[in-house]
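Each remark here refers to the structure printed beneath this line.
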Amino acid sequence: MNKNSSQLDLLMGIWKFRENVPQAELVKVAEKWAEDARYIQLYIRRVSKDQFGIGFTYQLEDQDIKAGHEEYFENFSDQLKRQFGNDLVGWDIANVSQVIK
């Protein structure tokens, strides 16, 4: 890990999908992503009355934080849009997260 333990170059967020996407399909996506050691955490949870999400914490490589965030977002949003179409309903992704515990 680069920097000190309280200030890491992390992306944290959740990709949101319509409820009609089977949770098993979201689990398959998350399991595939889990092969990438940069994922610190992956989970599936309900994010609203009619949506489920894939939540994640992702360690950026040693690079410009803004560029790393843009690269991650572009790669994965394109992939998810192709795979799920309009069933990908949104995201909430932040970089430069400060981990307390």
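Name the single residue, out of those in segment 24-50 being closer than 21 Å to HIS69 by Cβ and among the aliphatic types (A, V, I, L, M), that is surrounded by the fewest Cβ atoms within 10 Å (Cβ to Cβ). Among them, the one singled out is ALA37. Just wondering, is there one or more residues in segment 71-86 that are without any contact (Cβ under 8 Å) to a residue 12 or more places away in the chain and closer than 13 Å to LEU11 by Cα? Yes. If the condition is being hydrophobic (A, V, I, L, M, F, W, C), farther than 17 Å from PRO22 by Cβ and part of a strand (DSSP E or B), then segment 43-64 contributes only PHE56.
Give the residue, chosen from GLY53, GLY68, that is surrounded by 18 or more Cβ atoms within 10 Å (Cβ to Cβ), at pLDDT below 95, among the small types (Gly, Ala, Ser) and within 27 Å of LYS101 (Cβ to Cβ). Give the steps one after another, and end with the answer.
Details: GLY53 fails: at pLDDT below 95.
Of GLY53, GLY68, the one residue that is surrounded by 18 or more Cβ atoms within 10 Å (Cβ to Cβ), at pLDDT below 95, among the small types (Gly, Ala, Ser) and within 27 Å of LYS101 (Cβ to Cβ) is GLY68.
The values are calculated or read from the model by the stated rules, or taken from the named source; none is laboratory data. As the structure is a prediction and not an experimental result, all values here were calculated from the model. Using ideal geometry, Cβ is built from the backbone for each residue, glycine included, and neighbour counts are taken over all protein chains shown.
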